[in-house]
Amino acid sequence: MKLVWSRRYDVDLFGHVFPVEKYRLVRQEVLARGIAAEEDLVEAEPATAEDLLLVHTPEYIDDLLNLRTTPRTMRSEMALTREIVDAYIATAGGSIETGRRALEDGVCVHIGGGYHHAFPDHAEGFCYLNDVAKAVAKLKHDGEVDRVCVIDCDLHQGNGTAFFFARDPDVFTFSMHQENNYPLKQRSDFDIGLPDGADDTIYLRELEAIGDILDHHVPDMVLYLAGADPYLEDRLGGLAVTKPGLRKRDEFVFNQCSVRKIPVAVVFAGGYALDVKDVVDIHIATILEAGRMARLTQQPPQRGR
Ligand SMILES: [Zn+2]
């Protein structure tokens, strides 16, 4: 199994709560623990201007590339520097690469990505570019997939992604999130708004909905946002899912896809525990579960229906 990353992700966010160092730490840990070798780590090519325009408006991309603070860019809650914008462009390329590799190998993990709050014409949350929408749109555009299911298990609703694909019957958006939290909700194809304090039992029970969704939508690929912020010690979240609970979540998602021979592209999304080590642990567990799926997937995935 390959892991996609980029050295461009490790940027200075000027004290922002997003623990951008988690990408470097996860990469170090997978190498140190022998979970992956150097040759398994694929450095992503940045997305092209053409790719960016597949999902974002020319006006917004023009503001972003020229670092202009306008109503389109200023809703990001992030600084607007060349280095940061380059990190988002690299991330968009990384998620496209992760999708391609998932189609080839059955599963691939992006040590990055999941910026699901960006909209076609503006930034939002911590997100300038929606790499999730971009990966799906690009693979569809290139004819590599017809139907995709986005399984978004970040604590926050995937509002940008839901908006992007609201009128696309080939892309099914599923989001399971804390209801009483950021953002202003859009309508996904299937939303589960969890109550405050939802624990492992509630979380894993509600997640079972994805089995029927995969049976009905029959996607060529799943794009899975394995957010670390449902964790009970998350600073921005109000759910109470434990580390073993999150690992069971990952295992369940991979099993559901594996039995149906659906390739899975994984992106990390959020995670804001006080100790970044907890965030790293949760992402590492996702990689280990993905690796287990890779070993289970003995034969190449079936393409199409
Ligand atoms: Zn989040």
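Restricting attention to region 2-35, which residues are open to solvent by 70 Å² or more (accessible area, probe 1.4 Å), more than 13 Å from I111 (Cα to Cα) and either at pLDDT below 95 or in contact with a helix residue (DSSP H, G or I) (Cβ under 7 Å, 6 or more places away or on another chain) (or both)?
D12, F14, G15
Scan region 92-130 residue by residue and report those that are closer than 21 Å to D40 by Cβ, out of contact with any strand residue (DSSP E or B) (no Cβ under 7 Å at 6 or more places or on another chain), open to solvent by less than 10 Å² (accessible area, probe 1.4 Å) and part of a helix (DSSP H, G or I).
Correct list: G93, I96.
Six or more apart or on different chains, Cβ under 7 Å: which pairs go from a residue in region 259-279 that's farther than 26 Å from I96 by Cβ to one that's outside any loop (DSSP other than H, G, I, E, B) and β-branched (V, I, T)? Could you list them?
A273/V279
Of these, A226, A294, which one is of a type in the set (A, V, I, L, M), within 16 Å of the ligand (Cβ to nearest atom) and under 27 Å from R24 (Cβ atoms)?
A226
The rows are residues; the columns are (1) open to solvent by less than 40 Å² (accessible area, probe 1.4 Å); (2) in contact with a Lys or Arg (Cβ under 7 Å, 6 or more places away or on another chain); (3) within 14 Å of the ligand (Cβ to nearest atom); (4) at pLDDT 95 or above.
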position: G158; (1), (2), (3), (4): yes, no, yes, yes
position: F165; (1), (2), (3), (4): yes, no, no, yes
position: P169; (1), (2), (3), (4): no, no, no, yes
position: M176; (1), (2), (3), (4): yes, no, yes, yes
position: Y182; (1), (2), (3), (4): no, no, yes, no
position: R187; (1), (2), (3), (4): no, no, no, yes
position: D199; (1), (2), (3), (4): no, no, no, yes
position: I202; (1), (2), (3), (4): no, no, no, yes
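Given Y231, Y224, which one is open to solvent by less than 10 Å² (accessible area, probe 1.4 Å), modelled with pLDDT of 95 or more, aromatic (F, W, Y) and closer than 25 Å to A273 by Cβ?
Sole residue among the options that is open to solvent by less than 10 Å² (accessible area, probe 1.4 Å), modelled with pLDDT of 95 or more, aromatic (F, W, Y) and closer than 25 Å to A273 by Cβ: Y224.
The values are calculated or read from the model by the stated rules, or taken from the named source; none is laboratory data. Small disclaimer: the values here were computed from a predicted structure and weren't measured. We place every Cβ from the backbone using ideal geometry, glycine too, and count neighbours over all the protein chains shown. Note: areas computed on protein heavy atoms with side chains; ligands, DNA, RNA excluded. Shrake-Rupley method; radii C 1.70, N 1.55, O 1.52, S 1.80 Å.
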